[in-house]
Each structure stands twice: as structure tokens, then as C-alpha cells.
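Below: the structure, in C-alpha cells.
The values are calculated or read from the model by the stated rules, or taken from the named source; none is laboratory data. Given the structure is predicted, the values throughout are model-derived calculations rather than measurements. Here the Cβ is made from the backbone with ideal geometry for all residues, glycine too, and neighbour counts use every protein chain on show. Only protein heavy atoms, including side chains, enter the accessible area calculation; ligands, DNA and RNA are left aside. Shrake-Rupley method; radii C 1.70, N 1.55, O 1.52, S 1.80 Å.
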Amino acid sequence: MKLVIAIVQDQDAAKASTALASSGFQSTRLASTGGFLHSGNTTLLIGVENEQVGSVCNILKSTCQARSKTINTVLPMVDALDSFPTYPVDIIVGGATIFVTDVDQFIRA
Ligand code: 2BA
């Protein structure tokens, strides 16, 4: 058995978990925060049999989209200046960041 851990953007979380449920995959949604942007995202936990990992990843790929975001970065060499000028940088966030791990035991108590 495997545990699929998928970090998705909040905008895609409902669509992804609904599509997973429609295909018979249970998931748990956790509210999470990205360490780089410090903005909210959603972590999905999906426990599946080994041979189902591909199907789960395909559902996540089809429901989670990449989006461009612009962040303001401080210019290098600011120590030499009185102010802290910034410049915009575009980054691509998502679709889904997916980890697949082995599960030792799955217990429903
Ligand atoms: P954040 O950490 O908030 O990162 C959001 C986006 O910022 C990333 O999108 C990436 O495009 C950019 N980014 C992150 N760190 C960067 C850096 N050091 N320099 C330049 N750009 C950087 P994604 O790669 O799609 O990641 C989306 C979210 O997935 C991340 O949100 C984080 O919550 C999670 N994530 C991504 N990689 C991870 C990893 N190796 N371990 C744990 N969580 C991860």
C-alpha cells in the first residue's frame, strides 16, 4: 500500500478531491502553508493500493493547474543603499507537488 501526499493550490483542492471521490479514492484534506510564499495551500492524503498510484497521479494532474505568480524580490547590494528597492519576478506554482511513500500498516480501529 502507498500513501500519496499531494500539495495543491487551494483553488484546485475541491475539484481534485471531488474527482478522486468520483473514482473511488478516499482523501483527507489538510490546510497547509507553503514555506516559500507563506500563502495557504492544501495537502491531500490519499491511501491507495500500489497499482492505483498512477490513476491518482493522473487525476491530480488533470485537476490541478500551474499558475504564474509575481513576487517582489529585494535587489542584491541593498546594503549599499538607503532604501530596499524590489523587482518583480514571475514564478510558476503547481499543479500538484506529489510524494509517494510506502505504508507499513493501514489500520481502521
Ligand atoms: P511554496 O513553498 O510556497 O512555493 C511556491 C512556489 O514558489 C513553488 O511552486 C516554486 O515555484 C517557488 N519556489 C519555492 N521555493 C523556491 C526557491 N527557493 N526559489 C525560487 N522559487 C521557489 P511549487 O514548486 O509548485 O510548490 C508548491 C508548494 O508545494 C510549495 O509552496 C510547498 O508548499 C510545496 N512543496 C514544493 N516542493 C516541496 C518539497 N520539496 N518539500 C515539501 N513541500 C514542497
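Numbers below:
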item: Subset of region 51-109 [at pLDDT below 95, within 16 Å of the ligand (Cβ to nearest atom) and among the aromatic types (Phe, Trp, Tyr)]; result: Tyr87
item: Members of region 7-22 found to be open to solvent by less than 70 Å² (accessible area, probe 1.4 Å) and among the small types (Gly, Ala, Ser), listed by number; result: Ala13, Ala14, Ala16, Ser17, Ala19, Ala21
item: Per-region count, region 9-40, residues outside any helix (DSSP H, G or I) and farther than 22 Å from Asn50 by Cβ; result: 13
item: Cβ-Cβ under 7 Å pairs, at least 6 apart or on other chains, region 19-36 side of a type in the set (Lys, Arg), far side assigned to a strand (DSSP E or B); result: Arg29/Thr42; Arg29/Leu44
item: In region 23-39, the residues that are more than 17 Å from Thr97 (Cβ to Cβ) and open to solvent by 100 Å² or more (accessible area, probe 1.4 Å); result: Gln26
item: Hey, Thr43 of a type in the set (Val, Ile, Thr), surrounded by fewer than 11 Cβ atoms within 10 Å (Cβ to Cβ), within 20 Å of Met1 (Cα to Cα) and within 16 Å of the ligand (Cβ to nearest atom) or not; result: no
item: Scope region 46-74; condition under 15 Å from Lys2 (Cβ atoms) and open to solvent by 70 Å² or more (accessible area, probe 1.4 Å); matching residues; result: Glu49, Asn50, Glu51, Asn58
